[in-house]
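Scroll down for the structure; my scribbles are underneath it.
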Amino acid sequence: MKKYHFIGIKGAGMSALAQVLHDIGHEVQGSDIENEVFTEGPLRNKGIKILPFTEDNIVEGMTYIAGNAFKDDHPEIKKATEMGYEVIRYHVFLADFMSEYISIAVTGSHGKTSTTGLLSHVMNGDVETTYLIGDGTGFGLPESKYFTFESCEYKRHFLSYYPDYAIITNIDFDHPDYFNDISDVVDAFKEMASQVKKCIIAYGNDPHIGEIKNEVSSMLTYGIDSDDDIVAKNIKVTENGTVFDVTIKGEHFDTFRIPMYGDHLVLNSLAVIGVCYLEKLDITLIKESFFNYKGVKRRFSETKLHNMVIVDDYAHHPKEIDATLETARKKYPDREIISVFQPHTFSRTEKFLQEFADVLSTSDKAYIVDIFGSAREASGSLSSKDLVDLIPGAELLTEADLERLDKHADGVIIFMGAGDIQKYEKRFTELLS
């Protein structure tokens, strides 16, 4: 048993990894800011100590794992380094940790968390699988031989990993504060793909997948009503979810039922089926696991109050918003769909301003709250008003006037964003209650 101290333990990946190490028998604690964050609940439930940042946390006998959001001059990192204690960056530690398992990386510009959550749940229906999900959820099983994890392209962190398999959900230009353009993103994914040991399972209709397929030895593609290797056909939407047939390499494989709505979730399911097929898992158990899946945190998480449906969702890129609104339309075809959106970072808002406006305009009504900055980017040259001006009928919204949402009495109100949009949702549900 080792003793670990996490510097920045409330970060989603850090929280998940801390839980994994705790579950497999290590002594774990960590430090972070004192503001409440949604990732800390599972840590506290497992009895993992969360301390405020201070140099006094740095003592002998610990291995220090540092979150990627913190620079080398962070007081705890600096003190540990000066004392000669081992400080390991999150992605470096994770790369070493996964070498003991059959590892499956889930990467892509969008859909990583949803797909990792689904993959982890479904595989555990047949084989013990340790997992690390980007919503702050981690679970370690001491006897497991499989490890599934969310693998992020930001700052090319995923190049630290050499997994057995990798799912690529899509390749898109996000993180304009780091990547130069889409070619820069594609180059990063090419290098990542070259490090996968066994096989890549990738969305075949992505316009950039062809460039990667030409450079790797083994890839299965998936799609809907397509000529890919893994294909969903005869898709039917039901009261309890979605039903579809799956063919693999032109042959009927099986029929699957998922308790979810939207083409993007069918595609996520196909990626998971691809991994299970390659590892020859028990398909009967896998089908059962699909149908009892409950989803991951902050991905179309629903609360029903009075006659309203209130949704919390992490969507913060135009394509993610589009997928979330598609789910809402398919699940609630007869209800008014209201978006309450918090733009995340000034650079992303400026880069995709028109795309945000276009997709939010498909809501029946859109409300926009102030832009959420970041530690890297506290201000910018535009405001949420610039987005509101591009969306017909849109309005600015503040915490002080959330009661304006009351007029959507039978609506589906979707709070979307990667910042602190949850405080708006929490305040609104308190008003309703």
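The values are calculated or read from the model by the stated rules, or taken from the named source; none is laboratory data. Keep in mind that this is a model prediction, so the values were computed, not measured. Methodologically, a virtual Cβ is constructed for each residue, glycine included, from the backbone with ideal geometry; neighbour enumeration extends over all protein chains shown. With ligands, DNA and RNA removed, areas are computed over all heavy atoms of the protein, side chains included. Shrake-Rupley method; radii C 1.70, N 1.55, O 1.52, S 1.80 Å.
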Residue list for region 397-433, restricted to those being open to solvent by 50 Å² or more (accessible area, probe 1.4 Å), more than 26 Å from residue 110 (Cα to Cα) and either under 21 Å from the mean Cα position of the chain (by Cα) or not polar (S, T, N, Q) (or both):
399, 400, 403, 404, 406, 407, 409, 410, 427, 430, 431
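Does residue 228 satisfy being on the phi < 0 side of the Ramachandran plot and modelled with pLDDT under 95? Don't jump to the end; show me each part of the working.
Working: on the phi < 0 side of the Ramachandran plot: yes; modelled with pLDDT under 95: no.
Answer is no for this residue.
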Given (1) within 25 Å of residue 112 (Cβ to Cβ); (2) in contact with a Ser or Thr (Cβ under 8 Å, 6 or more places away or on another chain), number of the condition residue 305 does not satisfy
(1)
The one condition in (1) touching a helix residue (DSSP H, G or I) at 6+ places or on another chain (Cβ under 9 Å); (2) open to solvent by less than 60 Å² (accessible area, probe 1.4 Å) that residue 78 fails to fulfil:
(2)
What number of residues within region 308-343 satisfy the criterion of being touching a strand residue (DSSP E or B) at 6+ places or on another chain (Cβ under 8 Å), outside any loop (DSSP other than H, G, I, E, B) and among the hydroxyl-bearing types (Ser, Thr, Tyr)?
2
Region 233-260, subset surrounded by fewer than 21 Cβ atoms within 10 Å (Cβ to Cβ) and in a loop (DSSP other than H, G, I, E, B), residue modelled with the lowest pLDDT
239
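Just checking, which of 350, 320, 288, 326 is over 21 Å from the mean Cα position of the chain (by Cα) and either open to solvent by less than 70 Å² (accessible area, probe 1.4 Å) or farther than 30 Å from residue 241 by Cα (or both)?
Values: 320 fails: over 21 Å from the mean Cα position of the chain (by Cα); 288 fails: either open to solvent by less than 70 Å² (accessible area, probe 1.4 Å) or farther than 30 Å from residue 241 by Cα (or both); 326 fails: over 21 Å from the mean Cα position of the chain (by Cα).
350 is the lone residue from the list that is over 21 Å from the mean Cα position of the chain (by Cα) and either open to solvent by less than 70 Å² (accessible area, probe 1.4 Å) or farther than 30 Å from residue 241 by Cα (or both).
Just a yes or no: is a residue in region 77-93 touching a Pro at 6+ places or on another chain (Cβ under 9 Å) and either closer than 21 Å to residue 154 by Cα or of a type outside the set (D, E, K, R) (or both)? If you could, list the steps in order and put the result at the bottom.
First, pick out the residues of region 77-93 that are touching a Pro at 6+ places or on another chain (Cβ under 9 Å): none.
No, region 77-93 contains no residue that is touching a Pro at 6+ places or on another chain (Cβ under 9 Å) and either closer than 21 Å to residue 154 by Cα or of a type outside the set (D, E, K, R) (or both).
Condition first: open to solvent by less than 10 Å² (accessible area, probe 1.4 Å) and in contact with an Asp or Glu (Cβ under 9 Å, 6 or more places away or on another chain). Now tell me which residues in region 121-132 satisfy that.
Pass one, region 121-132, residues open to solvent by less than 10 Å² (accessible area, probe 1.4 Å): 122-123, 129-130, 132.
Of everything in region 121-132, those that are open to solvent by less than 10 Å² (accessible area, probe 1.4 Å) and in contact with an Asp or Glu (Cβ under 9 Å, 6 or more places away or on another chain) turn out to be 123, 130, 132.
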Residue check for residue 304: in a helix (DSSP H, G or I) and open to solvent by 30 Å² or more (accessible area, probe 1.4 Å):
no
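Looking at residue 337, is it surrounded by fewer than 22 Cβ atoms within 10 Å (Cβ to Cβ) and more than 25 Å from residue 170 (Cα to Cα)?
Answer is no for this residue.
Is one or more of the residues making up region 70-79 within 22 Å of residue 151 (Cα to Cα) and at pLDDT 95 or above? Walk me through how you get there before you give the answer.
First, pick out the residues of region 70-79 that are within 22 Å of residue 151 (Cα to Cα): 70-71.
Still in the list and also at pLDDT 95 or above: none.
Within region 70-79, none of the residues are within 22 Å of residue 151 (Cα to Cα) and at pLDDT 95 or above.
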Unmet requirement for residue 215, which otherwise passes all of (1) touching a Ser or Thr at 6+ places or on another chain (Cβ under 9 Å); (2) open to solvent by 30 Å² or more (accessible area, probe 1.4 Å); (3) part of a strand (DSSP E or B):
(3)
Within region 180-203, can one find any residue that is modelled with pLDDT of 95 or more, open to solvent by less than 80 Å² (accessible area, probe 1.4 Å) and among the acidic types (Asp, Glu)?
no
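Listed here are the residues, each with its yes/no results for (1) of a type in the set (D, E, K, R); (2) buried (at least 21 other Cβ atoms within 10 Å of the Cβ); (3) touching a helix residue (DSSP H, G or I) at 6+ places or on another chain (Cβ under 7 Å).
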position	(1), (2), (3)
153	yes, yes, yes
158	no, yes, yes
164	yes, no, no
171	no, yes, yes
178	no, no, yes
So which of 97, 93, 70, 6 ends up being open to solvent by less than 60 Å² (accessible area, probe 1.4 Å) and in a strand (DSSP E or B)?
6
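Looking only at region 377-391, decide whether some residue is open to solvent by 60 Å² or more (accessible area, probe 1.4 Å), part of a loop (DSSP other than H, G, I, E, B), modelled with pLDDT of 90 or more and out of contact with any helix residue (DSSP H, G or I) (no Cβ under 6 Å at 6 or more places or on another chain). So that I can check it myself, show each step before the final result.
To start, the set of residues in region 377-391 that are open to solvent by 60 Å² or more (accessible area, probe 1.4 Å) comprises 378-379, 381, 385-386, 389-390.
Adding the requirement that they be part of a loop (DSSP other than H, G, I, E, B) leaves 378-379, 381, 389-390.
The next check asks that each one be modelled with pLDDT of 90 or more; those that pass are 389-390.
After this cut, where a residue has to be out of contact with any helix residue (DSSP H, G or I) (no Cβ under 6 Å at 6 or more places or on another chain) as well, the list is 389.
So far as region 377-391 goes, yes, one or more of its residues are open to solvent by 60 Å² or more (accessible area, probe 1.4 Å), part of a loop (DSSP other than H, G, I, E, B), modelled with pLDDT of 90 or more and out of contact with any helix residue (DSSP H, G or I) (no Cβ under 6 Å at 6 or more places or on another chain).
Yes or no, residue by residue, for (1) surrounded by 12 or more Cβ atoms within 10 Å (Cβ to Cβ); (2) β-branched (Val, Ile, Thr); (3) touching a His at 6+ places or on another chain (Cβ under 8 Å); (4) within 20 Å of residue 149 (Cα to Cα):
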site	(1), (2), (3), (4)
22	yes, no, no, yes
27	yes, no, no, no
31	yes, no, yes, no
39	yes, yes, no, yes
44	no, no, no, no
49	yes, no, no, no
55	yes, no, no, no
61	no, no, no, no
Name the pairs whose Cβ atoms lie under 9 Å apart, with the first residue in region 47-62 and at positive phi, the second open to solvent by less than 60 Å² (accessible area, probe 1.4 Å) and part of a loop (DSSP other than H, G, I, E, B), and 6 or more positions between them or separate chains?
61/85
Can you name the number of the only condition in (1) surrounded by fewer than 17 Cβ atoms within 10 Å (Cβ to Cβ); (2) touching a strand residue (DSSP E or B) at 6+ places or on another chain (Cβ under 8 Å); (3) not in a strand (DSSP E or B) that residue 270 fails?
(1)
